[in-house]
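One structure is given here, and the rest of the page talks about it.
The values are calculated or read from the model by the stated rules, or taken from the named source; none is laboratory data. Fair warning: this is a prediction, and the values are worked out from it, not measured in the lab. Counting neighbours? That spans all protein chains shown, and the Cβs are built from the backbone with ideal geometry, glycine included. Note: areas computed on protein heavy atoms with side chains; ligands, DNA, RNA excluded. Shrake-Rupley method; radii C 1.70, N 1.55, O 1.52, S 1.80 Å.
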Amino acid sequence: MRISVIVPAFNEEAVIGRCLEALLDQVVPADEIVVVDNNSTDRTALIAGGYADRGVRVVHEPRQGLVPARDRGFDEATGDILGRVDADTLVEPDWVLRLTEAFADPGVSAVTGPSWFYDAPMHRAGLAAQRLLCHRVNRMLSGHPMLWGSNMALTRECWQELRAHACPGPDLFEDLDLAIHLHRLGRRVHYADRLRAPVSARRLAGSLGGLRRYLRTWHRTYALHDQHRAAAGARVFTATGLVLLFPPVALLLRAYTPYEGTLSPRRLFARSTTAVRPIP
């Protein structure tokens, strides 16, 4: 069973190196890592290309957007299992091993797992929150398992069937879109709690307006698929989260220094702070 890992990337020079180092530092190595450069104007492709002698292949996708980049990566990959992470993901050292364990069951078409924020405090709380909000809430709303785009994989045979059904975007949660179509195709999605892939909290460290625009895509994806009750529920969770959760989380991230792993009240009153940065 050959395993390929796809990493869509647009202007990710700050994080792509760490992402690739984590993918290469595996107990069981992947057979192939494909970075899909999506018209980056920074050093993303150059940095990724520096790993060519370690099995990393860089391809270019001219159509802008996460969905075209993802599709190109899945189409280019040669493995039997197609893993997918984001460029700011730092997979655990046993990530590929956990994939092989999950896909040992021939009835499994896709696998996903939890994440937490590696550049934010309280990792255990973050892991619990991600399990709840991204997996359990979506399952409650939709009635079927969710996929988490930063930490997922599917079989090549599944992708060949799914590709004709997946929506082109751009205004949708592409991982939720795949999960909906997998359910409609009768495909089994397995949640593997030990398949863990921490991600950056940089989106939460941005503006409230930017986060609101991003989260609107949640209910729009459900509405696009005529899951209107799920869309209504997503609106409620989005509004509640933005009002109750975003302010304290934003303050916590502002006070946190990821390089030192400490909280500093002084940072709350600084004129400016650097956006959440990956731990080196």
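Some notes on this structure:
- Cut-off 13 Å between beta-carbons: net charge of the residues surrounding Val59, Lys and Arg +1, Asp and Glu -1: -2
- Once the Cα gyration tensor of segment 25-71 is diagonalised, semi-axes √(5λ) in Å: 21, 13, 7
- Distance from segment 71-106 to segment 1-60 (C-alpha centre basis), Å: 13
- Mean ellipticity per residue at 222 nm, deg cm²/dmol - from DSSP H runs of n ≥ 4 across the chain, formula -39500 (n - 2.57): -11000 deg cm²/dmol
- Qualifying trypsin sites (Lys or Arg not before Pro) for segment 79-170 [loop in DSSP, other Cβ within 10 Å: at most 13]: Arg163
- The chain: mean projected area of Cα convex hull, nm²: 14.2
- Each residue of segment 239-252 was assigned a 3J(HN,Hα) from its phi angle through the Karplus expression (A = 6.51, B = -1.76, C = 1.60, θ = phi - 60°), giving 4, 5, x, 5, 7, 8, 9, 4, x, x, 5, 4, 5, 4 Hz with x at Gly and Pro.
- With the gyration tensor restricted to C-alpha atoms of segment 107-215, the semi-axes of the equivalent ellipsoid amount to 25, 17, 12 Å, longest first.
- The value of relative contact order for the chain, using C-alpha pairs under 8 Å at least six residues apart, is 18 percent.
- Charge tally in the Cβ shell below 15 Å around Arg98, where Lys, Arg are +1 and Asp, Glu are -1, Arg98 excluded: -3
- Phi-based couplings in Hz for segment 78-93 (Karplus 6.51, -1.76, 1.60; Gly and Pro marked x): 10, x, 7, 10, 10, x, 8, 9, 8, 5, 9, 8, 10, 5, 5, x
- The amide H of Asp80, built 1.01 Å from its N in the peptide plane, has Arg2, Ile3, Ser4 as neighbours under 5 Å, considering only residues 5 or more places off or on other chains.
- Of the peptides 50-60, 248-258, the ranking by mean beta-carbon count within 10 Å, highest at the top, reads 248-258, 50-60.
- Ligands, DNA and RNA excluded, the heavy atoms of Trp116 present near 40 Å² of accessible surface to a 1.4 Å solvent probe.
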